[in-house]
Structures are given as structure tokens and as C-alpha cells.
Amino acid sequence: MLDILIKQANIFGEVEQLDIGICHAKVSLKESDIKVNAKEIIDGKDKLVIPGFVDSHTHLEKALLDDHVSNHSGTLQEAIENFKVYFKTVDEENFYERAKKALEKAIVGGTTTLRSHISVSKELKFKAIAPLLELKKDMADYITLEVVAFATPFPDVLDKENLSRLEKALEKGATVLGGCPTLAPNHKEFIDTFFELAIANNCPLDFHVDESDEPNIQALEYLAEKTIKEGYEGKVTAGHCCSLSAVDDDTAMRVILKVKEAGITIVTLPSANLYLMGRNDCQPIRRGITRVRELLDNQVNVAYSSDNLRDPFRPFGNFDMLEEALLMAQVAQMGREIDFENILKMGTYNAAKGMGLVDYGLEVGNTANLVLLDASSAKDAIISQANKSHIIKNGKIVAKNRKTSHLIYNN
Ligand SMILES: [Zn+2]
């Protein structure tokens, strides 16, 4: 007896319609006509089955604060400074409850795994990360939350005390180290220090890199060289990488080839970059999106992600990866059939690869984390912002959505 049987669905990446059987939290069968009883049967007609979305770069502790923290200039710097002040006023329960609401949005939006950078600083200490590590456990049946111990970009970031606090956060349950080398006084010293810490604690690294319009900021190139030198290929993620779009083509290609060799995953955050970058420009205003197509064309693993959710860094968003996909398609000028398929991969398989997720995907034996879309193809799903009819996490339906419209002719 299967737990769930999906009949005759289009499956992302497959040519023919197939049945999918789910049992004991796994994809247990994938065949043309499964003849096994199931507790629940879903008619897959007119649906596209994809693996659960992976939102690999977010900031849960800042989520849903756009009505409480201002950002009049719309710059990255003002948002950072204003949060520093506001965070003194909130308690652990506030962090937990807001993050839970944000995660609930992600779940109904079809995200089954989400990585969040959570600030650890001299002022905050563990006030944000401790409740979110609790939330990670409490929500584990509905969404996998991966927590990055994130060094807030203040001048004391490399103090011994701050570094030992980050290590403590790893002991408490964070599994990745992160920070902003470009915002540190010396990005090379920052990267070297964090590699030392990551190697000592055997954990991956996820940096905010070159979140700037300026062409002379190139922490990404040094990060790639350091990754190769330390043999850390496949364990490093670089988010943003905006200034890659501000350098000349030859420089960009030199850096892209090093990034490829280093096996670094690039996570682009189109909505946040469009909102925060170019704020000091006169026309033409730079738009701050990294070179997505060139990176993909050179076989770099590229994912897209939400980044912030309705806060001063980005007062938009629903933690809906299909919504971000549509924006991605437009700002990166990706409108061919193959582009839409690549974008869907960026929000699923590529992001999963970057996070090192095991048994991810729709193959038999993998954990059954999947989404049924009311769509015929990747292109249709993204352009129509398809309804996500069923979200399945660990083999159980955790959310259902319905979108209906009625056209009424009055004659
Ligand atoms: Zn971020």
C-alpha cells in the first residue's frame, strides 16, 4: 500500500507522462502505470510535478519588519544601520513568531528547503539564532530549515570574541558560516579568517560577495582562488556578486572561469539587487544583477533566491520561488523555452546542489519532497504563475492551494 499515488503527471525532466508512488517518505515507484493501492490518489492530469523549491538565501530574522524599520535612502547601508538599532528592542519570541509566519508563506509557496542567514553579533549575541534553531526543529516535518551563522558586517567582525560566538552558534545547531567580506575593512583578511574557522569546524561557507555597483570590488576572484588553494571546491556559495556586472567582459570572464574551477555556487538575488543597487547613480542607473547567462553558459552552478521578505532591504515578496522565477526571467532576459527550464532548475536542482542536499529530486529512492503545479511546462508554470495544487514534504501533503477564476459574460 502506497501513501500517495500521483497518476499520469508530466514530470519535470521526463519526456513521457508517468505515475509516481510515494511510501515511507520516499519516492518508491516511478512507472507508466502503477497498479498498487494507495491511501491517497492524485489525478496528475494537466499537472507538472517538480521537486520542492529550494530557497537557498534568505534572512528570516529580518522578515516582515517593513512597517517597523525604515529605509528612506533605499540603500544597503541604511538598512543595516537601522536594523542594528531596532534589534535592541525585540525579544526571542518576536524573532520566533515572525520567522514562523515567513516559513508558513514559504511552505504554501512550494518551498521544501530554505537556508537562512541569521545574524550573530556583539549586540545580538544568540538572541536571533537561538529561537530560530528551535523553530528549525519545530517545523522539520513541514520544511527543512538550514541556518547559517551570519557575521553581521560591523567593524568588530573579526574580533576573537565574535569569532568564538560564531563557533558557538555552530555548536548550537547552525551548519554553515557566512558573512560579508566586501563590507569588511579588508576582504582578503576576512575570507582567510572564515576559511580557517570553516575548516576547523568542517562546515561549508556562504558569503555575501561584491554586493556593490563598483567595478573595483572583486572579492569573488579572491574567494575563488582561496577555495581552490584550500581544496574547498563544492563547499562555497557566493550570493549577489553584483559588481561582476560592472566590470569589463574580459575581467568578468577571467573571474567566471575561476569560479567554475572552484566549484562555487552563485546565488543571484534579483529582486533585492534591483531594489538596493544603483541608488547613488544618475541615469543610466545600474541594475545590479550579476551575469546570470554568462555564468550558466560557462557551466557555473547558479541558483536564484528570495533574499529578504518585506523588510527595509526588500519591501516585497511572498517567499514564492515561482514569483522570483518570473522576475528572474525578465531581468536576466531569459525568455526562450530552454531558459524557463533552466530557471526552474536554478530554483530547485541547482540550489539543492549548492546546499549539498542528498537524495534530492524525483528519482526513485529520494525523499519525497515535491510540488504539483497546474501547468503544462516550465514556461507555462512561470509565466502563468501556476497554482501549486499540492506540496508534499517527507511524503506527506503539507499544503494545498486552489486558484479559480470565473469569466462572466453578461449577455
Ligand atoms: Zn542576503
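A few points about this structure:
- Some residue of segment 88-100 being within 16 Å of the ligand (Cβ to nearest atom), in contact (Cβ under 8 Å) with a residue 24 or more places away in the chain and under 24 Å from the mean Cα position of the chain (by Cα): yes
- When we screen L18, L60, L29 for residues that are buried (at least 19 other Cβ atoms within 10 Å of the Cβ), modelled with pLDDT of 90 or more and not assigned by TED's automatic domain parsing to the domain that holds G317, the only hit is L18.
- Only a single item in (1) at pLDDT 95 or above; (2) open to solvent by 10 Å² or more (accessible area, probe 1.4 Å); (3) of a type in the set (A, V, I, L, M, F, W, C); (4) out of contact with any helix residue (DSSP H, G or I) (no Cβ under 7 Å at 6 or more places or on another chain) is not met by A106, and it is number (2).
- Residue match in segment 115-126 (condition: open to solvent by less than 10 Å² (accessible area, probe 1.4 Å), touching a Leu at 6+ places or on another chain (Cβ under 7 Å) and not small (G, A, S)): yes
- From the list K35, K39, the lone residue that is open to solvent by 50 Å² or more (accessible area, probe 1.4 Å), free of Cβ contacts under 8 Å to residues at least 24 places away in the same chain and not assigned by TED's automatic domain parsing to the domain that holds D141 is K35.
- Given (1) under 21 Å from S305 (Cα atoms); (2) surrounded by fewer than 16 Cβ atoms within 10 Å (Cβ to Cβ), number of the condition T144 does not satisfy: (2)
- Matching residues in segment 309-330 - criterion: being open to solvent by 20 Å² or more (accessible area, probe 1.4 Å) and among the acidic types (D, E): D320, E323
- Segment 176-189, subset part of a helix (DSSP H, G or I) and within 16 Å of the ligand (Cβ to nearest atom), residue least open to solvent (accessible area, probe 1.4 Å): P181
- If the condition is being under 17 Å from P185 (Cβ atoms), open to solvent by less than 50 Å² (accessible area, probe 1.4 Å), free of Cβ contacts under 8 Å to residues at least 60 places away in the same chain and of a type in the set (D, E, K, R), then segment 200-229 contributes only D210.
The values are calculated or read from the model by the stated rules, or taken from the named source; none is laboratory data. No experiment lies behind these values; they were computed from the predicted model shown. Methodologically, a virtual Cβ is constructed for each residue, glycine included, from the backbone with ideal geometry; neighbour enumeration extends over all protein chains shown. SASA here: full protein model, heavy atoms, side chains in, ligands and nucleic acids out. Shrake-Rupley method; radii C 1.70, N 1.55, O 1.52, S 1.80 Å.
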